[in-house]
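Trainee: One structure, as structure tokens, below. Some questions next.
Read-outs throughout are calculated quantities, based only on the coordinates presented, and are distinct from any laboratory measurement. Just so you know, these numbers come straight off a predicted model, no measurement behind them. All Cβ positions, glycine included, derive from the backbone under ideal geometry; neighbour counts span all protein chains shown.
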2 protein chains.
Amino acid sequence: MHPTRWGDPAGAAPLPEPARALVELAFGVTDSPAATAVSLPAPALDEAVLAELRTAVGDAHVVTDDAIRRLRTRGKSTPDLLRARAGDLTDAPDVVVRPVGAHEVAAVLAIAVRHHLAVVPFGGGTAVTGGLAPDREGYAGVVSLDLRRMNHLVEVDPVSMTATLEPGLLGPEAEALLAEHGLTLGHFPQSFEHASIGGFAATRSSGQASAGYGRFDAMVVALTAVTPTGRLSLGVAPASAAGPDLRQLLLGSEGAFGVITSVTVRVRPIPEAKVYEGWRFATFAEGRDAMRELAQSGPLPTVLRLSDESETALSLADPDAVGGGASAGGCLMITGYEGSAADVAAKQTSVTALLTDLGGVPGGEEPGRAWAAGRFKAPYLRDSMLDVGVLVETLETATFWSRVEQTYADVKAALGASLPGALVLCHVSHVYETGCSLYFTVAARATEPAWRAAKAAATDAMVAARATITHHHAVGTDHKPWLAREIGETGVRVLRAVKAELDPTGILNPGVLVP
Amino acid sequence: MHPTRWGDPAGAAPLPEPARALVELAFGVTDSPAATAVSLPAPALDEAVLAELRTAVGDAHVVTDDAIRRLRTRGKSTPDLLRARAGDLTDAPDVVVRPVGAHEVAAVLAIAVRHHLAVVPFGGGTAVTGGLAPDREGYAGVVSLDLRRMNHLVEVDPVSMTATLEPGLLGPEAEALLAEHGLTLGHFPQSFEHASIGGFAATRSSGQASAGYGRFDAMVVALTAVTPTGRLSLGVAPASAAGPDLRQLLLGSEGAFGVITSVTVRVRPIPEAKVYEGWRFATFAEGRDAMRELAQSGPLPTVLRLSDESETALSLADPDAVGGGASAGGCLMITGYEGSAADVAAKQTSVTALLTDLGGVPGGEEPGRAWAAGRFKAPYLRDSMLDVGVLVETLETATFWSRVEQTYADVKAALGASLPGALVLCHVSHVYETGCSLYFTVAARATEPAWRAAKAAATDAMVAARATITHHHAVGTDHKPWLAREIGETGVRVLRAVKAELDPTGILNPGVLVP
């Protein structure tokens, strides 16, 4: 269904001519370091352990092949791609184990506890913050717990408008199964094609249509999880006052507290109509004010996105992505409407009136169509950019509206100071009544250490501005050094206490999330 | 501002003649057991401990008077009222301590840890599930930590549309302070007049306008709390992927994990227009189907409530509560719209069309006005009913739409079987896309033990129907025996682990929430 994947040299999108020209303009002559072919370290596990795992999940589902292990090594951040290119496969798992059902997951965890194996739950493998690169120090080996065989639509409840999904379903697979019932989840992050339902839950993913469908964690009404010390089944009602909402403790737990074995999500009818449009605002600040007005007065479109001046200029430099209606300059906003024809028309009328009042210039449907056509493509370009020696990476944050301006300025300044000559682009990708996210794309002729220093400076700037260190990319290992500055030492102690209770021997994704 | 309080004989509403006639009709001749005047057990604390507390918060704010301690004894459930009437004041605190600010709260907790005193955070005192009656066994004494002096509006952020409130503010006080800025919280539970902001957060309260404004836990974007082992400050953005949402662990924690010292909530402009209307549906099931359609297709009114046949008949038997437009029979639905005049008109048009399509008969504004006028009054009647020997109590649940019918039938049957001759009324008070709540009112000539047995049977029925044991009344001590059946033993272990980490000596509301 999706033969090519990010970080797979065979699947890299060829760099379009306009982009190549842009790269040459911005960064000068290009070179192309070839990926190094290196073989993996031999699996560290002895035959007795492998035999136990085979008993748990079946011979065919305990895999030690280099090719498979290589595909389960780390995630898809640009540093991950660079290390793969450099032949650094030190984080490869020793074995890939493919359970089916909560019972097999529990059996694998029991074996892992007995032999002190680190277990890395693996869904789509699109992690971009180091969530798939656990500490292996002190462990007898690393098991990649590949959940791809757990790919069923377990139940549809058309009255409650919920569906129970297994964690290994990829975005398009889940949508195809729901479509047979006339339903959609409406969750379309940029990683949609390759990411899994379990991953969406474990990382608090947020999709491009979040203004209309909500964040993934807001869609989850129930979940089940297997931990090394017991199972969890949470959620018997949309909302409850029966103590703290423990669903919210598993959502965002990144495999460190348990393995999510199913989620029950709110679903909606497949929209009858979809319309995407472009708008132009004179400045990023004016566009943000208009977004805030929409979020606070309503109604919101289903998709709402605003590029800053730099990102607008860059996307307009690519003829494939430019609508005739959106003339150069200013900032491009995308508004999308999905629903019944009547709903779409009503919302479009209302939003059009408000945006026009607030200084927006309508750009028609062409920019909207261009955005929709390219909405999942950006990550594929990273490989082609690396081929020509340009590192492209993203980072994101969110805060309350009153702090957005300062956060934007400070993060941009930090990136600019750390990476002179870099292109720094930004868009607002998710809005709420009380605030919004900021999603930065950075392109620079830089080494991995230089990138890491720049990212550290940007994250320091977020913390100083009292913005979150990540709005939808999770903590992983990359953001962990900053987590205590966001949730405090007491918050970290709570995470450690929950971890110690559910996973007392620390086999689950060690070193990820919990400082 | 609110001189009369529930459970205060002086503040009891006189039983209106129609209600008295109804009571006689339903339960026969009335009698009036007089409340017994009993004095409190002497405070168990020695002078040295009191002196430490005085140093922490000031002499005037360490109170051992009987009158004050009596008012801080238990909450306002009907069993609480009955025990107070019976002269059972065994749960009275030894001392009432009134701190100001997180620093004083921390100082009091430190003293409590040193002397092993149980600490009961106290806001408005309207708990109805035993959350203010902790275990005193093994403790040197019980401190009622009265938060009423922490009653400030700390900050308004008109750009982000948030406000930071202290926990001791009562509902009307918070609304009055916000009104000075043209803002409202929109949180109006039946306890609104007497309940506190901290209580709303600690119990996951939900208000009568939840369809429009959301539950209280959905309004909270940030909070601070003091625990015996450190402080928490959570929430730097509307949403985040920086690990599990720890705000959701404090919301609903009922004072057992920490003392909430501030909440930052999403606020809205004071609505320009408010319209409340009545509708009649032939059956409760038809009305619920219409509510579900509204919740799933939108737009929702701000207030949406549906009484079953019995509750409709009873309210229509009271001339004060009946609109001329709603003729007898069927089920009364209340729809309320709040917002700009244009928004109200647009929503009203859209909802009217949908409800008419679904078989609703419009009853005009009179039933809506009657509902709005009486919306906070029901609890006052309990005292008058007790005076005539009739116990009135409420219980509530929620589940997904597909299980609502069965849950309604089973809970009603359980109550009917336990309390022959009881009046059992029900309404849907809160709706979501995936489900709704059911709020039962029971009136019976019954003793407290008979009521407890009936409530246990009803709660068993909820668990068996896979509905939550409480949608918005919290766990307290009353629901604790059922919590493990809702969140599982593993879920209970998580709560215990968090409790042990934050409150290792177990001084915070011991015996409440955590089994």
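Trainee: Distances in nm, one decimal, shortest first, from B:Ile68 to the same residue in every other copy, taking the label point 7 angstrom along Cα→Cβ.
Mentor: 7.0
Trainee: Can you tell me the dipole magnitude for the protein assembly as shown around its Cα centre, using point charges on the Cβ only (Lys, Arg +1; Asp, Glu -1), in Debye to the nearest 20?
Mentor: Charge dipole of the protein assembly as shown: 960 debye, to the nearest 20.
Trainee: Say a site is exposed when it is one of the GluC sites (Glu not before Pro), sits in a DSSP loop, and has at most 13 other Cβ atoms within 10 Å; what is then the longest site-free stretch of chain B?
Mentor: Longest run free of exposed loop sites: B:273-515.
Trainee: Would you mind counting up the charge near A:Ser205? Only other residues with Cβ under 11 Å from its Cβ, with Lys and Arg at +1 and Asp and Glu at -1.
Mentor: +1
Trainee: PRE reach from A:Ala342 (point 7 Å along Cα→Cβ): which of segment B:334-353 fall under 12 Å by backbone N?
Mentor: Once the point is set 7 Å along Cα→Cβ of A:Ala342, B:349-353 turn out to lie under 12 Å by backbone N, inside segment B:334-353.
Trainee: Angle check, please: helix A:448-464 long axis (alpha carbons) against the longest principal axis of chain A (alpha carbons), in degrees 0 to 90, nearest 10.
Mentor: Orientation of helix A:448-464: about 70 degrees from the principal axis.
Trainee: Work from the charge dipole of the protein assembly as shown (Cβ charges, +1 for Lys and Arg, -1 for Asp and Glu, about the Cα centre) and give the residue of B:Ser315, B:Ser350, A:Ser240 farthest towards its positive end.
Mentor: A:Ser240
Trainee: Nearest the rotation axis from B to A, which residue of chain B has its beta carbon, and at what whole-angstrom distance?
Mentor: B:Gln248, 2
Trainee: Estimate the FRET efficiency between B:Arg485 and A:Arg70 by the formula 1/(1 + (r/R0)^6), using the beta-carbon distance for r and 41 Å for R0, to the nearest 0.05.
Mentor: 0.35
Trainee: Also: Run the dipole for chain A about the Cα centre, Lys and Arg Cβ at +1, Asp and Glu Cβ at -1, nothing else charged, and hand back the magnitude in debye, nearest 20.
Mentor: Charge dipole, chain A, about its Cα centre: 620 debye, nearest 20.
Trainee: While we're looking at this one, here's another question. Anything over 25 Å Cα to Cα? Flag those among B:Lys377/B:Lys455; B:Lys76/B:Lys412; A:Lys76/A:Lys347; A:Lys499/B:Lys455; A:Lys274/A:Lys412; B:Lys377/B:Lys480, in the order listed.
Mentor: A:Lys76/A:Lys347; A:Lys499/B:Lys455; A:Lys274/A:Lys412; B:Lys377/B:Lys480
Trainee: Would you work out which of B:Gly199, B:Val226, A:Met385 lies farthest towards the positive end of the dipole of the protein assembly as shown, given +1 charges on the beta-carbon of Lys and Arg and -1 on that of Asp and Glu, about the Cα centre?
Mentor: Looking along the dipole axis, the top candidate is B:Val226.
Trainee: What nm distances, shortest first, do you get from the label point of A:Ala373 to those in the other copies when the point sits 7 angstrom along Cα to Cβ?
Mentor: 6.4
Trainee: Using a label point 7 Å beyond Cα on the Cα-Cβ vector, give me the inter-copy distances for B:Thr352 in nanometres, one decimal, shortest first.
Mentor: Copy-to-copy label distances for B:Thr352: 2.6 nm.
Trainee: Another one. Charges only on Cβ, +1 for Lys and Arg, -1 for Asp and Glu: so what's the dipole of segment A:378-478 about the Cα centre, in debye to the nearest 20?
Mentor: Its charge dipole is roughly 160 debye.
Trainee: Give the angle, between 0 and 90 degrees and rounded to the nearest 10, that separates the Cα long axis of helix A:17-27 from the longest principal axis of the Cα atoms of chain A.
Mentor: Approximately 90 degrees, to the nearest 10.
Trainee: What is the local net charge at A:Phe122, summed over the other residues whose Cβ is closer than 9 Å to its Cβ (Lys, Arg +1; Asp, Glu -1)?
Mentor: Local charge sum for A:Phe122: +1.
Trainee: Could you tally the net charge around B:Lys499, taking each other residue with its Cβ under 12 Å from the Cβ of B:Lys499, Lys/Arg +1 and Asp/Glu -1?
Mentor: Result for the local shell: -2.
Trainee: Work out the charge dipole of the protein assembly as shown with +1 on the Cβ of Lys and Arg and -1 on the Cβ of Asp and Glu about the Cα centre, then indicate which of B:Leu177, A:His187, B:Ala48 is farthest towards its positive end.
Mentor: B:Ala48
Trainee: Obtain the nm distance between the two label points defined at A:Arg114 and A:Asp59 by a simple spin-label model: each point lies 7 Å from its Cα along the Cα-to-C-beta direction.
Mentor: If labels sit at A:Arg114 and A:Asp59, their model points lie 2.0 nm apart.
Trainee: So what is the calculated 222 nm ellipticity per residue for chain B, using -39500 (n - 2.57) for each DSSP H run with n of 4 or more, over all residues, to the nearest 500 deg cm²/dmol?
Mentor: The helix contribution divided over chain B gives -11500 deg cm²/dmol.
Trainee: If I model a spin label as a point 7 Å beyond the Cα along the Cα-Cβ vector, how far apart are those points for A:His103 and B:Ala218 in nm?
Mentor: So the label points at A:His103 and B:Ala218 sit 3.9 nm apart.
Trainee: Using 0.36 nm per residue, how much length does the chain from A:Arg149 to A:Ser297 gain when fully extended, once their Cα-Cα distance is taken away?
Mentor: Gain on extension, A:Arg149 to A:Ser297, equals 48.8 nm.
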